[in-house]
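J.: One structure coming up, written as structure tokens, with questions to follow.
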Amino acid sequence: MNTVTRKRLVAGNWKMNGSRNLASEFISALSAFSSETVDVVLCPPAILISSFEQSDVIVGAQDVSQFDSGAHTGDLSVSMLADFGCKFCIVGHSERREDHGESNELVAEKALKVLEAGMTPIICCGEPLSVRESGDVKDFVRKQLDAVFTHIDVSLLGNAVIAYEPIWAIGTGKTASPEEAQDVHAFIRQYIAEKDSDLSHSMLLLYGGSVKPDNAEALFAKQDIDGGLIGGASLKANDFIAICQAAN
Ligand code: PGA
């Protein structure tokens, strides 16, 4: 059982999916969900962020540039995201790392940009299948975290969230068992405790990777799992709300 009283967070990552119609559907569906203990955020593709502007839905972006402005065709700066009301920004999703060659160091730079803008970075980490099979999961995740904690002063990280997403579980229907997920979450919390004890108690750690309505409750019941980063199931309003309810 999770006995520590941290708030819960459920974040939907639409990835490169969705439409203005889906945004409208979610605005009305989410207006029926309210909870004192669970914060809900949706991260649609950037072009849909403004569709949520007149609603109560808390929105986040899926990525941000490490630069402030200028000659970076196709990229968006953190001030643009803030201007459109984003409160969160995912950084270092495994699909960005894979598709765009984002390194641990670049992810840390992006996370710092988001924090400096007063927004919350959802900093993703997690291992590929080969690393899981070789048993080096914690070493792999430690390197990802080292980059963040080296680049960003711990005093600035109070507003950050870490999402553990084993790559072999993303979009595959193959979830880490609650025990497997908890094991890595406990490792991450211990890692943070070595940097700053207070931060280790307060920081939200999300699990991501094939979270669905039928497995969410068991995952969220674990001591160090404070919510989820939800991909596929965040595209269906009923499923997403069921997952939010499981966090409640
Ligand atoms: P999934 O995606 O829930 O579809 O596995 C999670 C994510 O990539 O954030």
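Derivation of every value follows stated rules applied to the coordinates shown; laboratory data play no part. Treat the numbers as computed from the prediction; the structure is a model and nothing was measured. So basically every Cβ, Gly included, is an ideal-geometry build from the backbone, and we count neighbours across all protein chains shown.
J.: List residues of the range 11-41, by number, whose backbone nitrogen lies under 16 Å from a label position 7 Å along Cα→C-beta of residue 50.
T.: The answer is 19-21, 23-24.
J.: Taking the Cα centre as origin and putting +1 on Lys and Arg beta-carbons and -1 on Asp and Glu beta-carbons, what dipole magnitude results for the range 8-247, to the nearest 20 debye? Intermediate values should be presented prior to the final figure.
T.: On the way: 18 positive and 34 negative charges, 76 e Å.
Dipole size: approximately 360 debye.
J.: Quick check: pseudo-label points 7 Å beyond the Cα along Cα→Cβ at residue 19 and residue 159, how many nm apart are they?
T.: 3.6 nm
J.: Output wanted: per-residue J couplings in Hz (rounded whole) for the range 160-172, from phi through Karplus 6.51 cos²θ - 1.76 cosθ + 1.60, θ = phi - 60°, x for Gly and Pro.
T.: Values, residue by residue: 8, 10, 10, 10, 8, 10, x, 4, 5, 9, 7, x, 9 Hz.
J.: For the range 154-239, with the dipole built from +1 on Lys and Arg beta-carbon atoms and -1 on Asp and Glu ones, taken about the Cα centre, which of 207, 237, 182 lies farthest toward the positive end?
T.: Positive-end residue among those listed: 237.
J.: Name all residues of the range 97-118 having a backbone nitrogen under 17 Å from the label point set 7 Å from the Cα of residue 84 along its Cα→Cβ direction, giving them as ranges.
T.: Zone members listed by number: 114.
J.: 5 Å is the cut-off here: which amide hydrogens, built 1.01 Å from N in the peptide plane, fall below it relative to residue 39, excluding neighbours closer than 5 in sequence?
T.: For residue 39, whose amide H was placed from the backbone, the distant partners under 5 Å are 8, 9, 10.
J.: Hey, any idea what the orientation-averaged projected area of the convex hull of the range 84-145's Cα atoms comes to, in nm²? All intermediate terms of the calculation are to be shown ahead of the outcome.
T.: Details: hull surface 18.3 nm².
Reported value for the Cα convex hull: 4.6 nm².
J.: Now for a different question. Need the list of lysines near residue 195 for cross-linking: C-alpha distance under 29 angstrom, and skip anything on the same chain fewer than eight residues off.
T.: 7, 87, 110, 113, 138, 143, 222
J.: What order, most packed first, do the peptides 73-86, 101-114 have when packing is the mean number of other Cβ atoms within 10 Å of each residue? Before the final figure, lay out the partial values.
T.: Numbers: 73-86: 15.8, 101-114: 19.8.
Order by mean packing, descending: 101-114, 73-86.
J.: Need the C-alpha centroid separation for the range 190-247 versus the range 29-46, integer Å.
T.: After rounding, the separation between the Cα centres reads 14 Å.
J.: I've got another one for you. In terms of modelled amide H atoms, which long-range or inter-chain residues lie less than 5 Å from the amide H of residue 120?
T.: Here the answer is 88, 89, since their amide H atoms fall under 5 Å of that of residue 120.
J.: Long-range amide H contacts for residue 163: which residues qualify at under 5 Å (H placed 1.01 Å from N, peptide plane, sequence gap of 5 or more or a different chain)?
T.: The answer is 123, 124, 125, 206.
J.: Karplus couplings for the range 67-79 from phi (6.51 cos²θ - 1.76 cosθ + 1.60, θ = phi - 60°), rounded to Hz, Gly and Pro as x?
T.: Each residue's phi maps through the Karplus curve to give 9, 8, 5, x, 7, 9, 3, x, 9, 10, 8, 5, 5 Hz.
J.: Which parts of the range 143-178 would a label at residue 218 reach, counting a residue when its backbone N lies under 14 Å from a point 7 Å out along Cα-to-Cβ?
T.: Label zone hits: 174-178.
J.: What ranking, highest mean first, results for peptides 218-228, 234-244 when packing means the other Cβ atoms within 10 Å averaged over each residue?
T.: On the way: 218-228: 21.8, 234-244: 20.1.
In descending order of packing, they fall as 218-228, 234-244.
J.: Hey, rough spin-label estimate for residue 183 and residue 28, points 7 angstrom out along Cα→Cβ, what's it come to in nanometres?
T.: Output for this residue pair reads 4.6 nm.
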